[in-house]
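Heads up, the thing below is written out as structure tokens.
The values are calculated or read from the model by the stated rules, or taken from the named source; none is laboratory data. Here the structure is a predicted model, which is why all the values come from computation and not from measurement. Neighbour counts run over all protein chains shown; Cβ positions are idealised from the backbone, glycine included. The area values use the complete protein model at the heavy-atom level, side chains included, leaving out ligands, DNA and RNA. Shrake-Rupley method; radii C 1.70, N 1.55, O 1.52, S 1.80 Å.
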Amino acid sequence: QERMPQTPLFAAMFDSSSYNRNLYQSKEDNCGGLYYHDNNLLSGSLEALIQHLVPNVDYYPDRTYIFTFLLSSRLFMHPYELMAKVCHLCMEQQRLTEPGLDKNWNQKIAPKILQLLTEWTETFPYDFRDERMMRNLKELAQRIASGDEMYRKNVQQLLQNLIRKLSTVSQYEEVLAKIDATSTDRLTVLKTKPQSIQRDIITVCNDPYALAQQLTQIELERLNYIGPEEFVQAFVQKDPLDNDKSCYGDQKKTRNLEAYVEWFNRLSYLVATEICMPVKKKHRARVIEYFIDVARECFNIGNFNSLMAIISGMNMSPVSRLKKTWAKVKTAKFDILEHQMDPSSNFYNYRTALRGAAQRSLTAHSNREKIVIPFFSLLIKDIYFLNEGCANRLPNGHVNFEKFWELAKQVSEFMTWKQVECPFERDRKILQYLLTVPVFSDDALYLASYESESPENHVEKDRWKMLRFVSEI
């Protein structure tokens, strides 16, 4: 009985210099609706690409192809439509088998179809939150299971793993909703009696290294729940060859990605709130120095997302205008961090640091050294520009597969990073503070800032008057 090889780690799937594109094919450049150049699949009709995904007796698709096609196909059709086509092609193969060879077909092809379904459910489990997907999956799995006791066990295992993953993500979403509700409730209290509930970050955690570790906990947990498909679904538009509607016009399905972006914004506003709130100048200076140390520890850990959120919080106008406070701060360390995250030359310094962290991660012996948490907004921007910069289809209507190799390479690198387990112990008290303590809005930040250091010009004075008027209403 032939054993199907397991999916390798994502990093191994796409080696950095070129893709593992030597896919099963004939020598001609154009075969069966697929166009190759130097053994690289460049384009093909959607139908031919779907055919290429489905294994047969002599063939199993290359793993980089499976990942790339499942990732990008959603720009052209719903995953449940693709699943229906895959099921149909598998049934066709079985139907075309000579009578009496049914058992033979099952032995040769069933493990391959099972392997394809395993790869799909493990890498893109959120596709199966759709009832139609589940129906098709169960129908095909049932067909495989009917042939052999061993396949039945494998099918059960596959379905159990999938259901476990889906229930975990539902629980995570419930927790996020609770966290949002808690911080909203506390903000209401903060507005009515500010000092009564508000502690400050240094009393909760006076060790910058410990705070950086807990920030990394939050980052890795939230990263882990982002499905690779969310990067593509964030940019779904109408397919020009589809007269119907945009694939995901009904629902973009990017909630985990959005929750992660919201976390970045929350952390920035938390930093600004903590700095603007203390009445005394020396306290504010101490909080700034504390966050500079936290940011430096984040950089050393490889947590670039928290690092950037902290820097952006410190660069918000209500914070940066506190000149008397900043005069008391030793800023040399902050200047180094700002230099690392300098946006000029398309974030050249940051990209160099990220490459260094990624290299370290590849040869790492411990989870601590494997951590790479990219500056997420920039990662999304890179994927967005890649998507905008090239057409999904070529003038002849073929799918531009060359573009999707590049897209898959970027997303697969992220997939490797998000699978790292956090090596630091959780500290519930610190985590709860970071996730639920109320943070000021822009107006509240400006108001606190003007009350700490008086307005310096007419624009600031007018704004202060307006904010005080509104807050008293």
Q. Can you pull out the residues in the range 107-147 that are in a helix (DSSP H, G or I) and among the charged types (D, E, K, R)?
A. 108, 112, 119, 122, 127, 129, 131, 132, 135, 138, 139, 143
Q: For the range 291-310, name all the residues that are part of a helix (DSSP H, G or I), open to solvent by less than 30 Å² (accessible area, probe 1.4 Å) and touching a helix residue (DSSP H, G or I) at 6+ places or on another chain (Cβ under 6 Å).
A: 291, 292, 294, 295, 298, 301, 305, 306, 307, 309, 310
Q: Check whether at least one residue in the range 89-102 is open to solvent by 10 Å² or more (accessible area, probe 1.4 Å) and at pLDDT 90 or above, and report yes or no.
A: yes
Q.
If I filter the range 217-237 down to residues being within 19 Å of residue 67 (Cβ to Cβ) and in a helix (DSSP H, G or I), which single residue comes out as modelled with the lowest pLDDT?
A. 233
Q) Can you name the number of the only condition in (1) open to solvent by 50 Å² or more (accessible area, probe 1.4 Å); (2) under 20 Å from the mean Cα position of the chain (by Cα); (3) more than 22 Å from residue 219 (Cα to Cα) that residue 386 fails? A) (1)
Q: Report the residue count in the range 420-465 for those that are farther than 28 Å from residue 219 by Cβ, assigned to a helix (DSSP H, G or I) and of a type in the set (D, E, K, R).
A: 7
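Quick test for you: out of 35, 80, 60, pick the one residue that is farther than 19 Å from residue 408 by Cβ, modelled with pLDDT of 85 or more and open to solvent by 10 Å² or more (accessible area, probe 1.4 Å).
Just a single option satisfies the conditions, and that option is 80.
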Q: State all residues of the range 401-416 that are open to solvent by 20 Å² or more (accessible area, probe 1.4 Å) and in contact with a strand residue (DSSP E or B) (Cβ under 8 Å, 6 or more places away or on another chain); if no residue qualifies, say none.
A: 402
Q. Between residues in the range 255-284 that are without any contact (Cβ under 8 Å) to a residue 24 or more places away in the chain and over 16 Å from residue 202 (Cα atoms) and residues that are among the acidic types (Asp, Glu) and assigned to a helix (DSSP H, G or I), which pairs lie under 9 Å by C-beta distance while being six or more apart or on different chains?
A. 258/230; 262/180
**Q.** Cβ pairs under 8 Å, 6+ apart, first in the range 66-91 and assigned by the TED database to the domain that holds residue 46, second small (Gly, Ala, Ser)
**A.** 67/408; 67/412; 68/408; 71/408; 72/408; 79/73; 82/73
**Q.** Test result for residue 284, more than 17 Å from residue 418 (Cα to Cα) and assigned to a helix (DSSP H, G or I)
**A.** yes
Q. Which helices (runs of 4 or more DSSP H) does the range 313-365 wholly contain that include 1 or more residues that are over 15 Å from residue 296 (Cα atoms)?
A. 317-320, 323-327, 344-362
(Q) Tally up the residues in the range 311-336 that are within 20 Å of residue 376 (Cα to Cα), in contact with a Ser or Thr (Cβ under 7 Å, 6 or more places away or on another chain) and open to solvent by less than 10 Å² (accessible area, probe 1.4 Å), please. (A) 1
Q. Would it be correct to say that residue 48 is at pLDDT 90 or above and either over 27 Å from residue 416 (Cβ atoms) or open to solvent by 50 Å² or more (accessible area, probe 1.4 Å) (or both)?
A. yes
Q. Tally time: how many residues in the range 430-473 are under 14 Å from residue 319 (Cα atoms), of a type in the set (S, T, N, Q) and surrounded by 16 or more Cβ atoms within 10 Å (Cβ to Cβ)?
A. 2
